[in-house]
1. Restricting to region 118-133, count the residues that are open to solvent by 70 Å² or more (accessible area, probe 1.4 Å) and within 16 Å of V95 (Cα to Cα).
2. If a residue has to be within 36 Å of the chain's Cα centre (by Cα), under 21 Å from V16 (Cα atoms) and open to solvent by 10 Å² or more (accessible area, probe 1.4 Å) to count, how many in region 94-117 make the cut?
3. What's the total number of residues in region 39-98 that are among the charged types (D, E, K, R) and under 24 Å from S27 (Cβ atoms)?
4. Could you tell me which numbered condition L55 fails, if it satisfies all but one of (1) under 42 Å from the mean Cα position of the chain (by Cα); (2) open to solvent by less than 30 Å² (accessible area, probe 1.4 Å)?
5. When you look at L313, is it open to solvent by less than 60 Å² (accessible area, probe 1.4 Å), within 25 Å of P362 (Cβ to Cβ), in contact (Cβ under 8 Å) with a residue 24 or more places away in the chain and in a strand (DSSP E or B), yes or no?
6. Criterion first (crowded, with 16+ Cβ neighbours inside 10 Å and touching a Phe, Trp or Tyr at 6+ places or on another chain (Cβ under 9 Å)) does L30 satisfy it?
7. Check whether at least one residue in region 75-93 is without any contact (Cβ under 8 Å) to a residue 24 or more places away in the chain, β-branched (V, I, T) and open to solvent by 70 Å² or more (accessible area, probe 1.4 Å), and report yes or no.
Amino acid sequence: MHGQPRWVLPVGLAVVTLVVVANAGSSVGLGTSGDALLVTLAVAVYAAAALVFLLWFDAPVRITVALLLVMAVASAAARHGDPTGTGGIGLYLGVAYAPLRLPRRPAVAVAAVSVLLFDVVLALEAPNAAVFITVVTGGAALFFLFGLLLRTEQEQRARADRLVVQLERSREAEKASAALAERTRISREMHDVLAHTLSALVLQLEALAVRAERAADPLADGLARAHQLAHGGLIEARQAVSTLRGDVVPGPGALPELLAQHEAATGTPCTLDVRGEPVPLTPEASLAVYRTVQEALTNARKHAAGAPVHVRLDWRPDGAVVEVHDAGGHERIALHQTGGGHGLSGLAERAALLGGRLHAGPADDGFHVRLEVPA
């Protein structure tokens, strides 16, 4: 069973209060001798067991059964001490609440035993016992049926809630599947068109660079650099295809290799300073770190040729901060004009979607790029 409905506790407490007040105001009443003492003890035991039963709604089955039987015995004892009292009210509370707390079979058994105990007292003591037994048993059956209907309604509501959750999960899975299919289609188009075109371009530039070098053509150096750029673009295109297909994306761990490539291509110093203990980042955040450094290096090659570059990666408990600084002076073109396919403006949008921030602008003796991403 799930948590009990909100009304169960206040209604139960109201019934317990009614039992105490009714017995206190009956012809025998509460006292310290004779039948009054028996009624007092029975009511006290009933109230204590009922309070524990009502407040401990997730008690084990054995304890719940024991509490209900104690309540039944106390109700029968109160009826024995005061035949004109209201012991039946206490009996009905246990019978009605049994199916709300117990599996069906134990609930039926407990309710039957409780009614049987009360009926035995009636059979031994009540005038017109058959009439009283019929009334009490019929009333108990109605209260038990009422509790059983409430339990069924509660189970149906819980089942409906589970179905809603499953439906939401199914919709999310459907959306994820559609997104994956679209990403796969885009990656296939990129592979079939862009990657193939770049592959052919790399081969052509390589062949031209070799021929120019053999012929001592002044264009040999330019063709070699063009070949390197085209080869780098081919690698990036393949990385983009892998990212769209859900493969492992480049992240902070690939920064040393990226800086080494920049240093080899430009012949300028490029240093990396890593601080703190690494924390897990989402694939999108990891890729944002890599692309930010990559774009900053590309801009340094374009606009600060020959300037040294320093990259600092700070790991924090709640994410990471990466900063790129070049000492190439203050002059820069607008962010949206940086080109390269991964402009800083686009990276700023990517950072915002991740809940992070990107700032790029002039700094002391150069240009500074700073990215913050959450874990």
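The values are calculated or read from the model by the stated rules, or taken from the named source; none is laboratory data. Given the structure is predicted, the values throughout are model-derived calculations rather than measurements. As a convention, Cβ positions derive from the backbone with ideal geometry for all residues, glycine included, and neighbour counts pool all protein chains shown. Just the protein is used for accessible areas: all its heavy atoms, side chains included, with ligands, DNA and RNA removed. Shrake-Rupley method; radii C 1.70, N 1.55, O 1.52, S 1.80 Å.
1. Total meeting the criteria: 0.
2. Qualifying residue count, region 94-117: 3.
3. Matching residues across region 39-98 total 2.
4. Of (1) under 42 Å from the mean Cα position of the chain (by Cα); (2) open to solvent by less than 30 Å² (accessible area, probe 1.4 Å), only one is false for L55: (2).
5. yes
6. For L30, the condition - crowded, with 16+ Cβ neighbours inside 10 Å and touching a Phe, Trp or Tyr at 6+ places or on another chain (Cβ under 9 Å) - is not met.
7. no
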